[in-house]
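As structure tokens, the structure follows; a few thoughts come after it.
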């Protein structure tokens with residue numbers, strides 16, 4: 001089946017650091033990728049929709065300058081948390097949809113981001 | 001805008017017992033409905049989905065769900081749970097298939113006791 005790889009699975013860094021998270025579709029082409037954020041014991045909140053070759057669409061309340069999204073190819077989208085602070089600590093999950101397919105989104109295993 | 005309500009935050013079931021997880025949605029047109037399962041520290045796995053047609057849909061791991069338009073519900077069921085079913089379960093709705101921006105419920109944590 002379709003596999004989405006997310007890397008790194010866990011990252012711990014100091015406040016002020018920028019952190020890049022990669023989301024790759026391993027065996028299919030993904031025209032659309034989604035980035036979610038999940039706080040402990042809460043649901044997933046959509047942050048942005050990433051379309052290959054165009055600017056990402058951010059949900060209301062999500063700072064686009066804080067969370068930079070790049071979808072440069074049909075198999076890779078990246079989320080960069082710039083100048084991260086402790087309040088950015090969270091579980092970030094990406095998902096990808098196959099182009100020209102009736103199958104729903106495939107999710108990565110998530111990235112646990114901890115800012116000290 | 002669509003929304004999803006999962007009334008039960010936490011459910012505890014004995015192994016071998018039947019299970020029903022509730023999900024109610026709000027959307028003006030015919031929704032696209034999904035159930036996902038999440039194990040601790042991991043991503044989401046799709047259990048089943050409903051787009052159209054037969055209102056009783058079968059999924060993986062022995063799960064099924066029934067779409068009831070009159071009740072705006074899409075409850076998840078399993079006749080006999082296994083200890084490995086312990087996880088967080090999320091119901092989600094999408095307005096259309098082309099974009100498929102998902103709105104998730106708050107989740108139901110399932111605990112299985114021996």
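Considering only region B:1-64, give the strands (runs of 3 or more DSSP E) lying wholly within it that have at least 3 residues that are under 11 Å from the mean Cα position of the chain (by Cα) and within 14 Å of chain A (Cβ to nearest Cβ).
Correct list: B:32-38, B:44-50.
From the list A:95, A:114, A:77, A:83, which residue is in a loop (DSSP other than H, G, I, E, B) and either out of contact with any helix residue (DSSP H, G or I) (no Cβ under 8 Å at 6 or more places or on another chain) or within 14 Å of chain B (Cβ to nearest Cβ) (or both)?
A:83
Determine whether residue A:79 is more than 19 Å from residue B:94 (Cβ to Cβ), surrounded by 18 or more Cβ atoms within 10 Å (Cβ to Cβ) and touching a strand residue (DSSP E or B) at 6+ places or on another chain (Cβ under 7 Å).
In short, yes.
Filter region A:32-50 down to the residues that are buried (at least 17 other Cβ atoms within 10 Å of the Cβ) and within 11 Å of chain B (Cβ to nearest Cβ) and list them by number.
A:32, A:34, A:36, A:38, A:43, A:44, A:46, A:48, A:49, listed by residue number.
Take the conditions more than 27 Å from residue B:109 (Cβ to Cβ) and surrounded by fewer than 16 Cβ atoms within 10 Å (Cβ to Cβ) and apply them to residue A:55. Does it pass?
Answer is yes for this residue.
Read-outs: derived from the displayed coordinates by stated rules, not from any lab. Small disclaimer: the values here were computed from a predicted structure and weren't measured. FYI the Cβ positions are ideal-geometry reconstructions off the backbone, even for glycines, and counts take in every protein chain you see.
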